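Written below as structure tokens is the structure these notes are about.
Nothing in this text is a laboratory measurement; each read-out follows from the coordinates by a stated rule. Please read these numbers as outputs of a predicted model, since none were measured by experiment. Please note: Cβ atoms are built from the backbone with ideal geometry, for glycine as well, and neighbour counts cover all protein chains shown.
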Amino acid sequence: MLATLKGLVTTLAWAFRKPVTAQYPKQHLPIQPRYMGFPALLWDDTAGEPFCTGCMVCVRECPTQCMKAEMKDNPLQQEGKSHRRKIIERFEINWNRCILCGICVEVCNFDAIEMSHVHELGGYARAGSRVTLQELLKYGREFQERSGWKPSNPEKNVAGVALAKEKEKRQPAAAASRSEPASSNPSPGKES
Amino acid sequence: MTLVVFYLLAAVTLLGAMGVVVTRNVVYAALALLLSLMGVAGIYLLLFAEFLALVQVLIYGGAITVVILFAIMLTRLREYKGVMENPQWPLGLLAATALFLVLVAAFLVDSPRMNVEERLAVPFLLLGGSLFSQWAIAFEVASLVLLVALIGAIIVARGEDSRERP
Amino acid sequence: MTTEKQQETVELLLNMGPQHPATHGVFRMVLWIDGERVVDVEPHIGYLHRGSEKLCEGESYAQIVTLFDRLDYIANFNNELVVCRAAEKLMGVEVPERAQYIRVILCELNRIASHLLFYGTYGLDAGAMTPVLYAFRERERIQNLFEAVSGARMMHNFFRIGGVNEDVPPDFGQRVRRIMGELRRGMEECDRLLSFNEIFLSRTRGIGAIDAETAIDYGLTGPNLRACGVPYDVRKDDPYEVYDRLEFDVPVAEHGDCWDRYWLRVQEMYQSLHIVEQCLEQMPEGPVMAQLRRIARPPKGEVFVHCENPRGDLGVYLVSDGGPKPYRVKVRPPSFCSLMPLKHLMRGCYVADCVVILGSIDIVLGEVDR
Amino acid sequence: MIGREVALAAAGLVALFVGLSVVVLSLVWLERKFLGRLQGRIGPMRVGPFGLLQPVADAVKLILKEDVVPAWADKGLFWIAPILMFVPSFMVWVTIPFSRDLVIRNLDMGLFYFIAVSVVSVVGLVMAGWSSASKYAILGGLRSAAQLVSYEIPVIMAVLGVVMLAGSMNLLTVVDKQASVPYILVQPLGLAVFLIAGVAEVGRTPFDIYPAESEIVGGPFVEYSGAHWAIFFLAEYINTFVVALLVTLLFLGGWQWPHLPGVWAPVVVLVKTYLVVMVIFWFRATFPRLRIDQLMAFGWQVLIPLSFVNIVLTGIQLYYRWPSWSLSLMSLGIILAMAYWQYRTQTAPAQALARSYSQRAYSQRRGA
């Protein structure tokens, strides 16, 4: 009876405390910075193109084979705006298959894919679970803007920095004066 | 009005009783019995024997029927074919007829034949008082019989139990 | 009961599961019952079979970790740990100390989370509906912490062969300390609510008892074995990671009944808190990942590694042919072994006890069926 | 003349039905909200302000749902069973007063009527269990038959204690007699027995053995759906409410409240009743479920003897004309003795065991 009374008091005490439930659609729980949401492709503002070169390493390393990628020659590289010789043409992630493990992020050599904070993945049709390049880039841009994402290897992967470096190598004297406008160029990618 | 209700109740009672005998499904029989007993309770009410009616509902309607149903459900998987072809049916018929005749005879010989009126209703307090003073011995004997039956039932149940689980 | 009797009495064959609120997943028990008594029971498993062991043979070592996440989906870190350790042992990798401490902290927190889930669902099995909500409230704190560390609440994929994926966030120690205070209060509350409740005691004391010898014969491990009085804990008996530097007790009970198993797990939660505290104090700075080639290629050979999962002794037998994928992976799942004595435990008990017994051995069907 | 009476009766029935539906809806809402708060949740919030319309939404959903009848079920019985359970819970309202005037018909044997009628609802449960052609349902039916018949006895005995004190089975008299002192103070033991047995009688936690959803997944109701299930649901909540109402009338002094005019009588009764209902919900939030054999043992070996003790104590007090506080003292003494006995036999050994386990904890390293 003693323990019974204790139990009764324990439950009753909660009647006078604040409930812990969050009312989900109205009230979102805070997302931790490292939260692994749906993978998204990132956008290189300095070149106005995705980071992704379509090298297929994520496709190969994905444990569930949820991705498809195709690459093409990069037109911007020919124009001299980018250092990437190849660029992604088509990319698709099937989010019914994706297990949000983050292996693709880990294996990516180009800082091109990141686990975004997108997590409300509900949909009405099965076909809707195939996410195309455009959507992935959209998620990626949102993620970049919100979280202040920084590339882990900018010298190799960010077009502006990499191009400047290349030029630095070629013309060490003129490098200092030229690299600045290149990196502060207004990016065409932001408009789309 | 009262007469109409009486005939209705009597019909319910008789139908229930018929159902008990006629149906082949034991659970239906138990439920028909419940119906019949409820009809009897209604007739008690018509006779201003409220207490008796309520006791009828409580004991027969609630407890007894449920216990019967309980027993039936425990033995549900058995087959009941052949229950109707009991070789003892002539004896049963004889006994039933005899009982019926005795009841009719009793009714004919000693019938008060008076109209039941509300003033005849026994007040509850009076009933209780007389039960515990005038009829105390009968009351105690009845409870003793029940007690013996209870103990017997327990012994029977226990014995079987211990045989099953040594 | 003799055979003749069995023919006479009508036994009811009751199919408990695969979809039943108390079977903790898709698990089916065929009960032969006599009234409310269970005459015999036959467990049927395999409804959640995904062929994990076979799948492992087609995946690289890094990918296997995600498969192990999904075995015992309530104690993911512990599962990741065992497969990472297996590969590390085969490769002879020395894991940086900081990574070991991080692993131990996360594993112990995961043990608490798992035991909290057990506490909640066990209350539910016994018919109390509040413990599960209180337990989930406490578990949520741990899950949030995990999310901050690994980015996922359950399927972390955080441990790597040779360390952990990432160093913990800078405010990790502070957060863990805060959570530990809250957890301790929450666990005490759980204790007040259920542990000594008279109804709960009468439902669990002396039910589903198993003695030490039988338990060993059936291959029970973990809390289920320690409840019978056998002080076997891999963390003590075959210390891995940094457990040999930590001071902690292994709770041991005596009777091996449902209440003992329950009580043991509750005590283990306190011990885990103690371990985490020490780890936080001792944790050195430094790298969290050993210097390795990107794609793990363990040398040809085989290895068996076991760790103390919340459910018991989780072992992995790994055979490598020198390639990037394992040749064979065999898991010794503690839940599966815990299911073994089910007949022994359930024969002669009541139908209601079945639920309580099944809850008390704390199985996870993802691990049983693999 | 007769036509008018019939019309009146029909109107009364409709009013009763509507009133009871409102009561049930409010109870459903209250239970979900209150349980939620006790568990650190907030309960339903979406439908209407504070989720007030949630039970209405539930009801609409239930009525619109397909009413599935299992192919092997005994269709007639399956169909009739919910009604057989519902009718008695409806019939008891004939004699339950909300105030001195607000009663359909005040029977002289009101309490006895209540007990007699409410027993019949067991038949409905048993029938539901039998006719569903499901083994869970059969087990549930068996359990309900055993449980409800056994717990009827302590209910009757606890009521008898009150009847002895009041000297009447008329609910109005019983309430009137409590004008100065409610019987909760005179007969705490009676209240305890009545509340426990009443909770068991309506099958609520910790005595929800027959619907035990973690064991036999709903017992007799397992195969029911839609409107049929709703009727069971309705009956269950009405029964819960009736038990709480009887606790109010028998032990809490009904509409008696110091310095409150008679107009407030129904309000006082309702407030008290809802408080008792909340206590029952509170039990649900706190306790695990008993096992069927423990339930039977508790009923026959603890509750029934206790109720007899209660009657004997009441008889002694009445016969020797001791002051009424002597009865309260005796009652409390018995309760405390029971509590101590339970502590000695259950809690204390478990705690001692727990202590010994923590001392046995295996801390030394082996073979290091």
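List of remarks:
- Inter-part distance where segment C:245-292 and segment C:40-95 are each reduced to a Cα centre, Å: 22 Å
- Each of D:G48, D:L27, D:A15 was scored by the projection of its Cα onto the charge dipole of segment D:1-64, and the greatest displacement toward the positive side belongs to D:G48; charges sit on the C-beta of Lys, Arg, Asp and Glu.
- Positive-end residue, segment D:69-351 charge dipole about Cα centroid, Cβ charges, pick of D:M109, D:W325, D:Q342: D:W325
- Choice from C:F336, C:F77, C:F172 with maximal GNM fluctuation in chain C (Cα, 10 Å cutoff): C:F172
- Mean separation of Cα contacts under 8 Å, 6 or more apart, over the residue count of chain D: relative contact order %: 20 percent
- For C:V164, net neighbour charge (Lys/Arg +1, Asp/Glu -1) across residues whose Cβ lies under 13 Å away: -2
- Here A:F16 and C:E57 are evaluated by their C-beta separation; at R0 = 45 Å the FRET efficiency comes out at 0.20.
- Dipole moment magnitude, nearest 20 debye, chain D about Cα centre, only Lys, Arg, Asp, Glu C-beta charged: 1360 debye
- Among the listed pairs A:K81/A:K167; D:K33/D:K65; A:K86/A:K156; A:K81/A:K169, those whose Cα-Cα separation exceeds 19 Å are D:K33/D:K65.
- Listed residues C:P287, C:G312, C:G222: farthest to the positive end of the dipole of segment C:217-313 (Cβ charges): C:P287
- Exercise: per-residue mean of other protein chain Cβ atoms within 10 Å, C:129-136: 6
- Couplings 3J(HN,Hα) of segment A:99-106, computed from phi: 9, 6, 8, x, 5, 4, 5, 5 Hz, in residue order, whole Hz [Karplus 6.51 cos²θ - 1.76 cosθ + 1.60, θ = phi - 60°; x for Gly and Pro].
- Database remark: amide H of A:C108 closer than 5 angstrom to no amide H (H placed geometrically; neighbours at sequence offset of 5 or more, or on other chains; Pro and chain starts carry no H).
- Ordering of B:26-38, D:106-118 by packing [mean C-beta count within 10 Å, highest first]: D:106-118, B:26-38
- Once backbone amide H atoms are built at 1.01 Å from N, A:K86 has A:N74 as its partners under 5 Å, excluding neighbours fewer than 5 places away on the same chain.
- DSSP H segments from chain A that extend 18 Å or more along their own axis, Cα-based, with Kyte-Doolittle mean of 0.5 or above: A:2-15
- Near the amide H of C:N309, within less than 5 Å, lie the amide hydrogens of C:L314, all on another chain or at least 5 residues away, with H placed in the peptide plane.
- Per-residue mean of C-beta atoms belonging to partner chains within 10 Å, peptide D:348-354: 5
- Relative contact order (%) - criterion: Cα under 8 Å, at least six apart; region: chain A: 26 percent
- Unit charges on C-beta of K, R, D, E only; dipole of segment A:31-166, Debye: 260 debye
- Converting phi to 3J(HN,Hα) with the Karplus coefficients 6.51, -1.76 and 1.60 and the offset θ = phi - 60°, segment D:201-209 yields 5, 9, x, 10, 3, x, 10, 7, 6 Hz in sequence order, with x at every glycine or proline.
- Peptide D:72-84 is shielded by partner chain Cβ atoms: per residue, an average of 1 of them sit within 10 Å of its Cβ.
- Note that segment C:80-92 has calculated 3J(HN,Hα) couplings of 4, 4, 5, 6, 5, 5, 4, 5, 5, 5, 5, 8, x Hz, one per residue in order, obtained from phi through the Karplus relation 6.51 cos²θ - 1.76 cosθ + 1.60 (θ = phi - 60°); glycine and proline are x.
- Relative contact order of segment C:21-116, defined on C-alpha pairs under 8 angstrom at six or more residues apart (%): 19 percent
- Residues in segment B:45-65 reached by a label modelled at B:F6 [backbone nitrogen below 12 Å; 7 Å Cα→Cβ]: B:46-48
- Translational diffusion of the protein assembly as shown, µm² s⁻¹ [Kirkwood Rh, Cα pairs; Stokes-Einstein; 37 °C; 0.692 mPa s]: 96 µm²/s
- Charge dipole magnitude, Cβ of K and R +1, D and E -1 - segment D:1-64, Cα centre, debye nearest 20: 320 debye
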